[in-house]
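The values are calculated or read from the model by the stated rules, or taken from the named source; none is laboratory data. Quick caveat, the model's predicted, so the values are computed rather than measured. What goes into the accessible areas is simple: the full protein's heavy atoms, side chains included, and nothing from ligands, DNA or RNA. Shrake-Rupley method; radii C 1.70, N 1.55, O 1.52, S 1.80 Å.
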Amino acid sequence: MRIHMLRGVKNKLPKGAYALMLTQYESLGGHPISWSHLDACGIGSARPGITRIVKHPGRYFDRIMRFEDSVFALCPPGPALRPSFVFVLELFRLASHRNPVDEIVAWTALPMTFENMSLVEGKMRLPMLRGEHSPYYQHFRTMEQTIANDLSNWLCNVYLEVRHLSLQELGATEAMLKVPCIAPTPPHCLLPLT
């Protein structure tokens, strides 16, 4: 997945360092999916599930946060794929001298498959909701209603492109394609500031 930018951010986010993390979930309000031979975030260290760090000045005329970075996920094989599987993108504000801990400031979700059970692919624009991903959101219409009821729940839009890569391009093997397991708690794989 290629993350191009966040548009419409302006001063809705304070000045700081930010990163986007991609996680696969078994359902929108469910638990993360992890692979037995891989980290929960990405496909090894060469193909991370988190973007590089981007600085945001936090001024009203800073409309765009440009990432232009790729995040990776190993999707389940056809027989193990379920229509409820989703990708969740979370925007983290990274720790600094003003902010002592990393915090999730926004999130969005994308179904892993189209209605014909083929993996999702193409260019997309998705709304980012303020706050952390929550089990409260069991359906995508709940996300829409949250924004429709109060526009302040919407932070910005994320522009991205989903492309499929072969196992050889990813450096993955057939042994890694065992049935995924559902993790009981969310993964924590943020990179330390350097």
### Message
Considering only protein heavy atoms and a probe of 1.4 Å, how much of the accessible area of the stretch 11-133 is carbon and sulfur, as a whole percent?
### Response
53 percent
### Query
How many Å² of accessible area per residue for the stretch 1-160, probe 1.4 Å?
48 Å²
## Note on the structure
On each of the three principal axes the extent of the alpha-carbon atoms of the stretch 47-167, given in whole Å and largest first, is 47, 36, 26
### Task
Just tell me which aspartates and glutamates come within less than 18 Å, Cα to Cα, of Lys55; anything on the same chain fewer than 8 places away is out.
Glu68, Asp69, Glu90, Asp102, Glu103
### Summary
Expressed in square angstrom to the nearest 10, the accessible area of Asp69 with a 1.4 Å probe stands at 40 Å²
### Query
How big is the accessible area of Lys15 in square angstrom, nearest 10, if you roll a 1.4 angstrom probe over the protein chains?
130 Å²
### Percent RCO, i.e. relative contact order, over the stretch 1-105, from Cα pairs under 8 Å lying at least 6 residues apart
39 percent
